[in-house]
Structure formats: C-alpha cells, structure tokens
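Step one of this worksheet: look at the structure below.
The values are calculated or read from the model by the stated rules, or taken from the named source; none is laboratory data. For clarity, every value in this text was computed on a predicted model and none was experimentally measured. Note: ideal-geometry Cβ built from the backbone for every residue, glycine included; neighbour counts use all protein chains shown. The protein model used for the area step is the full one, side chains on, heavy atoms only, and it has no ligands, DNA or RNA in it. Shrake-Rupley method; radii C 1.70, N 1.55, O 1.52, S 1.80 Å.
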Amino acid sequence: SEHWQACHEGRDPLFLPCTPKGCLELLPRSGISIKGKKAVVVGRSNIVGLPVSLLLLKADATVTIVHSHAHDPESIIREADIIIAAAGQAMMVIKFLFFCFYFL
C-alpha cells in the first residue's frame with residue numbers, strides 16, 4: 001500500500017498502527033530510552049513486527065528481528081536492551097528468558 005511505501009521511503013506515514021505505536025509509547029513512559037539501544041523484535045508480521053521494527057529504527061535503535069527460522073534466537077534475545085514480543089505464540093519470549101537466566 002502507499003502508506004507502507006511511504007514508511008520505506010523515509011517519509012512520515014499518514015497514520016501509525018496502534019499496537020506498534022503503543023509499544024513505543026510505553027518505553028519512554030517507563031523511563032526507558034530507545035536511542036542507541038539494541039532492540040530485538042520477536043515476530044515479523046506486517047501488522048506488528050515489521051511496523052514496530054521500523055518505528056524503533058526511526059527512534060535510532062539498532063534492531064534485530066527474530067522469527068521462526070532464526071538461528072540461535074536465545075543468544076540474540078540475551079543481548080537485547082529492549083525486547084518487543086510480536087509473535088503469535090504465547091509465552092515464547094518467557095521461555096527464551098528463562099532458558100537464558102537459568103544457564104547464566
């Protein structure tokens with residue numbers, strides 16, 4: 001669509017998807033700065049994962065997307081300063097975090 005084409009060309013879109021925008025609104029309100037942080041987005045859907053990744057990039061975060069075919073997602077998530085769970089599987093990130101902290 002023209003809206004997402006505007007995002008990819010660096011122009012400001014006419015509107016932002018509400019869930020990704022809400023994710024990015026919560027971070028500064030919680031005292032978390034985005035600029036310069038390593039952000040991991042778990043999921044790559046066109047509805048949440050991709051839009052939130054683009055918004056994080058625009059906010060000057062370094063963004064990595066973890067998806068179902070990613071190699072060693074646990075180590076990628078372990079290195080993140082910010083984790084956005086945008087996957088359609090409940091408790092997916094919790095399982096990774098439990099695994100990471102259990103073996104640290």
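Of all the criteria given as (1) open to solvent by 80 Å² or more (accessible area, probe 1.4 Å); (2) at pLDDT below 90; (3) farther than 20 Å from Ile65 by Cα, the one not satisfied by His8 is (3).
Can you tell me which residue within the stretch 68-85, out of those that are in contact with a Lys or Arg (Cβ under 7 Å, 6 or more places away or on another chain) and open to solvent by less than 50 Å² (accessible area, probe 1.4 Å), is nearest to Lys21 (Cα to Cα)? My answer is Ile82.
Summed over the stretch 14-48, residues that are outside any loop (DSSP other than H, G, I, E, B), out of contact with any strand residue (DSSP E or B) (no Cβ under 6 Å at 6 or more places or on another chain) and of a type in the set (A, V, I, L, M) total 3.
Which residue, of Glu25, Glu2, is among the acidic types (Asp, Glu), modelled with pLDDT under 90 and open to solvent by 70 Å² or more (accessible area, probe 1.4 Å)? That would be Glu2, the only listed residue that is among the acidic types (Asp, Glu), modelled with pLDDT under 90 and open to solvent by 70 Å² or more (accessible area, probe 1.4 Å). Test Leu16 against the criterion of being modelled with pLDDT under 95, under 22 Å from Ile76 (Cβ atoms) and surrounded by 14 or more Cβ atoms within 10 Å (Cβ to Cβ), and give yes or no. No: the conditions fail for Leu16. Close Cβ contacts (under 8 Å, 6 or more residues apart or on different chains) running from residues in the stretch 26-42 that are touching a residue at least 24 places away in the same chain (Cβ under 8 Å) and farther than 11 Å from Ile84 by Cβ to residues that are open to solvent by 60 Å² or more (accessible area, probe 1.4 Å) and of a type in the set (A, V, I, L, M) are absent.
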